[in-house]
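The structure under discussion appears below in the form of structure tokens.
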């Protein structure tokens, strides 16, 4: 089964200008959650390009996202620490299940970013 967030909008392919992260004692602010949403959107675009031959079909998508977010994005700097890879994989799978079950009105990347911010600010 291929993973894809429910009903997402077409990607805006313009280069993303990211302002510096704003943190307070290592905690993410609402501003940072928006930055994380941008990173998730970028990860989705990159993943789709990498898996274009299979039209994005990747049964281990969460591991790919976690590797990209930890090794190739600013996520560790935003969090003030590098997340444990297996913890991030677990959270991504959990958020996918929640998003599919609850079908919130906000875009998937904003939902994930908000929930990741809540989890990692603890």
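Given the conditions (1) at pLDDT 50 or above; (2) surrounded by 14 or more Cβ atoms within 10 Å (Cβ to Cβ); (3) more than 11 Å from the chain's Cα centre (by Cα), and given that residue 21 satisfies all but one, which numbered condition is not satisfied?
(1)
Does residue 92 meet the test of being modelled with pLDDT under 95, in contact with a helix residue (DSSP H, G or I) (Cβ under 7 Å, 6 or more places away or on another chain) and within 17 Å of residue 43 (Cα to Cα)?
no
Search region 52-63 for residues that are within 20 Å of residue 94 (Cβ to Cβ) and pair each with any residue that is loosely packed, with under 10 Cβ neighbours inside 10 Å when their beta-carbon atoms are under 9 Å apart and the residues are at least 6 apart or on different chains.
Going by the 9 Å Cβ cut-off, the qualifying pairs are 59/1.
With (1) surrounded by fewer than 19 Cβ atoms within 10 Å (Cβ to Cβ); (2) modelled with pLDDT of 95 or more; (3) closer than 18 Å to residue 48 by Cβ as the list, and residue 66 as the residue in question, which single condition is left unmet?
(1)
If you go through region 100-122 one residue at a time, how many are out of contact with any strand residue (DSSP E or B) (no Cβ under 9 Å at 6 or more places or on another chain), touching a residue at least 12 places away in the same chain (Cβ under 8 Å) and either closer than 18 Å to residue 60 by Cα or not in a helix (DSSP H, G or I) (or both)?
Counting residues in region 100-122 that are out of contact with any strand residue (DSSP E or B) (no Cβ under 9 Å at 6 or more places or on another chain), touching a residue at least 12 places away in the same chain (Cβ under 8 Å) and either closer than 18 Å to residue 60 by Cα or not in a helix (DSSP H, G or I) (or both) gives 4.
The values are calculated or read from the model by the stated rules, or taken from the named source; none is laboratory data. The structure displayed is predicted, hence computed values, not measured ones. Every residue, glycine among them, receives a Cβ derived from its backbone with ideal geometry; neighbour counts consider all protein chains shown.
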